[in-house]
Amino acid sequence: MGVTSILLEQPVHRDDWEGLHDINNVARDVYGVNVIADESCRSLIDVQKIVKENLTDVIINIKLAKFGVLGTLEIVEFARKSGLNLMIDSMVETRLATGFAGLGCFK
């Protein structure tokens, strides 16, 4: 009994845009696996670059603590318009911090 991977999360350094694109193509074409951009997504501008340059096919990982509510909503809106799927996640923050992020309790 084996495990079948369905995705790879951030398989390259966050600034290795060419590597992200290349691994995405191999993962998709050879293995049927999706690639998620996580650390490469630090702003809406990064997400726009990923879409414009077709660096990953399907998924960008969004974290409320990283972008805040408004930043997350901007990215969600852009991704939807671009046809890009999203994964919304959290880091190692507490439930309380995640709740505050979800309520917009940050500067």
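For K81, the aspartates and glutamates whose Cα comes closer than 17 Å to its Cα, not counting residues fewer than 8 places off in the same chain, are D46, E53, D57. The relative contact order of the chain comes to 22 percent, based on Cα pairs under 8 Å that sit 6 or more residues apart.
For the chain, the 222 nm mean residue ellipticity estimated from helices alone, with every DSSP H stretch of n ≥ 4 adding -39500 (n - 2.57) and the total spread over all residues, rounds to -13500 deg cm²/dmol.
Computed from the coordinates by the stated procedures, all read-outs in this text should not be read as laboratory data. As the structure is a computational prediction, the values presented were derived from the model and not from experiment.
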